[in-house]
Amino acid sequence: MTPLSRRSVLVLGASSLAAATATCGSSLPALAAAPANFVPGLVYAVGQKFDKSFNEGAFTGAERFKTATGLSYLEYMPNNLAQFDQGVAALVRRGATDIVTIGFYYATALTKLAPRHPDLRFTIVDSVAEGPNIRSITFKEQEGSFLVGVLAALASKTGTVGFVGALDIPLLRKFIAGFTQGARHARGDITVLVNFVGTTADAFNDPTTGAEVARSQFQRGADVVFAGAGVSNFGVFAAAKDGGRLAIGVDSNQNYLYPGTILTSMLKRVDLAVDAAFQAGQRGTWTPGPRVLGLADGAVDYAVDENNRELLTPAMLNAVEEARRAIIAGRIPVSDGA
């Protein structure tokens with residue numbers, strides 16, 4: 001696939017996602033027309049704003065909205081989960097009318113908090129929360145993970161690949177299920193190792209342990225490791241670089257962090273989800289309810305650029321694009337690990 005055709009896929013994907021988030025579940029009534037003083041707000045996931053991953057994707061989406069509309073947005077960066085209510089309250093005091101929250105672990109807190117602000121529109125990205133003023137956006141991570149699983153298996157020389165996750169939760173099991181299925185689709189004899197950094201949300205911010213887990217997989221024969229652990233990915237990437245192995249990034253395009261070491265990145269378009277939620281609030285088309293976005297919407301993908309193009313042979317790209325078409329057409333159902 002040429003660079004031009006690859007860019008075309010991403011542009012079309014962005015358009016598809018915007019359309020999907022605007023129309024999916026459109027039978028649900030809108031909470032209210034957008035107020036004249038529309039003020040969007042963003043509560044980041046716990047961690048770092050510029051994490052080169054999930055939060056940075058959310059920031060990118062908010063900035064894209066700001067550039068396109070000229071409207072500023074409010075933001076809050078919590079240091080821990082207990083600060084979620086405090087963060088929402090801070091945005092409300094500053095006049096927020098629409099608040100997007102980033103992270104699966106806010107679902108319970110948001111379900112309890114949203115009824116206290118019935119006139120506000122809340123959007124949670126990466127989980128489902130119930131309420132008449134809550135929109136929930138989740139992704140078919142398993143579909144994007146299937147694609148990078150195909151690439152990992154075809155790139156492996158040892159016949160063993162690995163997944164390093166932050167912790168064992170349903171969200172990450174979707175990544176594991178798709179990655180494993182994709183790897184075995186490409187090579188029936190592949191071995192897939194799975195290990196986790198920790199048991200709490202702190203595991204998303206522990207690069208030292210991430211590196212240790214990756215090295216343990218390399219010692220057991222893995223030569224390609226998919227890193228699904230937030231900021232802990234930095235440790236996985238460094239260990240891969242030091243050990244002469246390959247790694248796979250997640251959420252944002254992380255190929256540039258270690259050119260020649262990161263085989264590809266599984267893209268999860270949080271940026272488009274945030275942008276679309278803000279747009280819907282501004283236009284008065286926002287509706288509550290769940291939206292589930294996947295390959296067909298351009299919401300998940302894999303990254304090819306100047307930093308990893310030499311690692312991907314024409315045969316690998318042909319195989320992964322064939323898998324993409326089959327998944328979108330429904331010929332390959334991808335397990336979500338449930």
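Read through the list (1) of a type in the set (Lys, Arg); (2) within 27 Å of THR67 (Cα to Cα); (3) modelled with pLDDT of 95 or more, then give the number of the only condition that ARG269 fails. The one condition ARG269 does not meet is (3). Looking across ASP202, ASP206, ASP189, one residue alone is more than 13 Å from VAL148 (Cα to Cα), charged (D, E, K, R) and without any contact (Cβ under 8 Å) to a residue 12 or more places away in the chain. It is ASP202. Is it the case that ARG331 is closer than 21 Å to LEU154 by Cβ and exposed (fewer than 15 other Cβ atoms within 10 Å of the Cβ)? Yes: the conditions hold for ARG331.
The criterion of being outside the structural domain of VAL320 (by TED's automatic domain parsing), within 19 Å of the chain's Cα centre (by Cα), of a type in the set (A, V, I, L, M) and within 23 Å of GLU56 (Cβ to Cβ) does not hold for VAL148. Here is the figure for the range 127-170: residues that are over 21 Å from ILE327 (Cβ atoms) and surrounded by 24 or more Cβ atoms within 10 Å (Cβ to Cβ) total 6.
Screening the range 184-270 for strands (runs of 3 or more DSSP E) wholly inside it with 2 or more residues that are surrounded by fewer than 21 Cβ atoms within 10 Å (Cβ to Cβ) returns the ranges 191-196. Could you tell me which residue of the range 236-290 is nearest to ILE99 (Cα to Cα), considering only residues that are outside the structural domain of ARG324 (by TED's automatic domain parsing) and of a type in the set (Phe, Trp, Tyr)? Ranking the qualifying residues of the range 236-290, first place goes to PHE278. Anything in the range 66-88 that is in contact with a helix residue (DSSP H, G or I) (Cβ under 9 Å, 6 or more places away or on another chain) and closer than 20 Å to ILE134 by Cβ? List them, or say none. Across the range 66-88, the qualifying residues are TYR73, LEU74, GLU75, TYR76, PRO78, LEU81, PHE84, ASP85, VAL88.
Check the range 298-321 and report whether any residue there is in a helix (DSSP H, G or I), crowded, with 18+ Cβ neighbours inside 10 Å and modelled with pLDDT under 95. Looking through the range 298-321, none of the residues is in a helix (DSSP H, G or I), crowded, with 18+ Cβ neighbours inside 10 Å and modelled with pLDDT under 95.
The values are calculated or read from the model by the stated rules, or taken from the named source; none is laboratory data. Values in this document were obtained by computation on a predicted structure and should not be read as measured data. Because the Cβ atoms are built from the backbone with ideal geometry, glycine has one as well, and the counts that use them run over all protein chains shown.
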